[in-house]
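Have a look at the structure below before the remarks.
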């Protein structure tokens, strides 16, 4: 596993380098535009610029995450050089597991950078969040640490599911078809179809609890139960996607 993790990191190091360079460029452009503003506009525009940067970073990371996670497994499965990976003594658990571990690593690093950059920009621009949103943030107690952990956990789980959906689509394609034209479009279609099924299942779980004719206290209790139920469902679903992909990689794919 350690060799596979090192292999995944080395092959992505240029991606990390360019990503960091783009991040620095976006940050520099934002700060240059800010410091050129009239003093009367800086407090308001500082928050606006910071939010724009955060939005660009979030969208950029999501696109990079999807393209990167799909692209590298695609090269392993459909390019002659990459296929050699599946001829080594490494099994499907280690191959797919190493990719998922790197995905988690990337997501955690990005979340840390995203929060850190936001705080840095607010400090550098002396931005007044309360005035911008017309909310007294100082009076708020902040998010419950448990809620923060749940948000981060669910975000990581959603990203893993997204990767595994397309991993499963690629493994299934390689198990059923060989040397077929338009394989990219077919895999994309399969991935979108699997995503549709996942969304429908998630909606089924969400709609399985009714809030009709219950008090506020009861609603809160049911809502908490739903959070746990939904989290368990998504953990089981992620595990099913993982083991399904591993099974196909180990037993069924046509190299």
message = What would the Debye equation give as log₁₀ I(q)/I(0) for the range 1-65 at q = 0.19, 0.29, 0.30 Å⁻¹, counting only Cα atoms as equal point scatterers?
response = -0.79, -1.17, -1.20
Label-point separation, residue 3 to residue 35 (7 Å along Cα→Cβ), nm = 5.0 nm
inquiry  = Neighbour counts of other C-beta atoms within 10 Å: give me 30, 14 arranged from fewest to most.
reply    = 14, 30
key: Packing-based exposure ordering (other Cβ within 10 Å, fewest first) of 201, 57   = 201, 57
query = Using the 10 angstrom Cβ neighbour count as an exposure proxy, how do 15, 245 rank, fewest first?
reply = 15, 245
ask   = With each pseudo-label sitting 7 Å past Cα toward Cβ, what's the residue 15-residue 146 distance in nm, one decimal?
value = 3.7 nm
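All of the numbers you see were taken from the coordinates with simple rules; none came from a lab. What you see is a predicted model, and the numbers here were worked out from it, not measured in a lab. Because the Cβ atoms are built from the backbone with ideal geometry, glycine has one as well, and the counts that use them run over all protein chains shown.
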